[in-house]
Amino acid sequence: MKHIKYDLYRNTDTTIFEFKSIGANGEITKVIIFSATQSVEIYNLAFGDLIYNEVQKKYILDDSTITDNGDRNIILATVARSVYIFTKKYPEKMVFFKGSTLGRTRLYRRAISMNLEELSETFTIFGSIRNEFGSVISVPFKPNGDFFGFIIKRKEL
């Protein structure tokens, strides 16, 4: 995506990324985690603030916080960059993601729609829906689609 992005720091497996959001509310550490699912070919993308949980006595990813730091587009472009990096290392893997709320899922759909031409050069993009039997299926992404999640697969170049 041709937008400003934050510097990403990653682990050696390229499954955990960290960056700093810098804006109106200061510097906030963000984390992106790609984790295996029950399906061998699909990884889940989790994204949120890195916070210290006093009860668990450890740092956790909080995907429900609204930091309102004024840098939403930079953050989305940075998360997209992590998908490019992850799928370059693991081109056979697909990435599933959805928002923690319906509003965030709509935001992600709009971001994909606005950058669809560029994203489609590298990725095949699907929307996840439930069919009439309640099963989850993936269909080709459409900008006006009513999806509860998204799957991205790097194209074979």
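For the reader, a short list of remarks on this structure follows.
- Evaluated with a Cβ-only charge set (Lys, Arg +1; Asp, Glu -1), the chain carries a dipole of roughly 200 debye about its Cα centre, given to the nearest 20.
- Within the accessible area of the stretch 52-152 (1.4 Å probe), percent carbon and sulfur: 55
- The trypsin sites (Lys or Arg not before Pro) of the stretch 1-90 that meet both conditions, a loop assignment by DSSP and at most 16 other Cβ atoms within 10 Å of the site Cβ, are LYS2, LYS57.
- Projecting the Cα atoms of ILE4, ILE16, VAL31 onto the charge dipole of the chain (Cβ charges, centred on the Cα centre) puts ILE4 farthest toward the positive pole.
- Calculated over the stretch 17-157: convex hull of Cα atoms, volume per residue (Å³): 134
- The residues of the stretch 33-157 present an accessible area of 60 Å² per residue when probed at 1.4 Å with all protein chains retained.
- Distance from the stretch 26-60 to the stretch 83-115 (C-alpha centre basis), Å: 15
- Subtracting the Cα-Cα distance of ARG106 and SER64 from 0.36 nm times their residue separation leaves 13.6 nm of extension gain.
- Flagged links, alpha-carbon separation over 18 Å, of LYS89/LYS153; LYS20/LYS155; LYS98/LYS142; LYS88/LYS153: LYS20/LYS155
- In this simple spin-label approximation, LYS57 and ASN44 carry label points 7 Å from Cα along the Cα→Cβ vector, and these lie 2.6 nm apart.
- Built amide H within the under 5 Å cut-off of TYR43, gap 5+: MET94, VAL95, PHE96
- Unit charges at the beta carbon, dipole of the stretch 52-147: most positive-side option, ASN144, ILE125, VAL83: VAL83
- Close amide H pairs (under 5 Å, H built 1.01 Å from N) link GLY149 with SER128, residues at least 5 positions away or on another chain.
- Those aspartates and glutamates that a straight Cα-Cα span of less than 15 Å connects to LYS93, excepting residues fewer than 8 apart in one chain: ASP13, GLU41, GLU156
- Fully extending the segment from SER113 to THR12, taken as 0.36 nm per residue of separation minus the present Cα-Cα distance, adds 33.2 nm.
- Mean Cα-pair separation over length for the chain, i.e. relative contact order, pairs under 8 Å, 6 or more apart, %: 20
The values are calculated or read from the model by the stated rules, or taken from the named source; none is laboratory data. This is a predicted model, so every value here is computed, not measured. Glycine also receives a Cβ, built like all others from the backbone with ideal geometry; neighbour counts cover every protein chain displayed. Please note that ligands, DNA and RNA were not included when accessible areas were found on the heavy atoms of the full protein model with its side chains. Shrake-Rupley method; radii C 1.70, N 1.55, O 1.52, S 1.80 Å.
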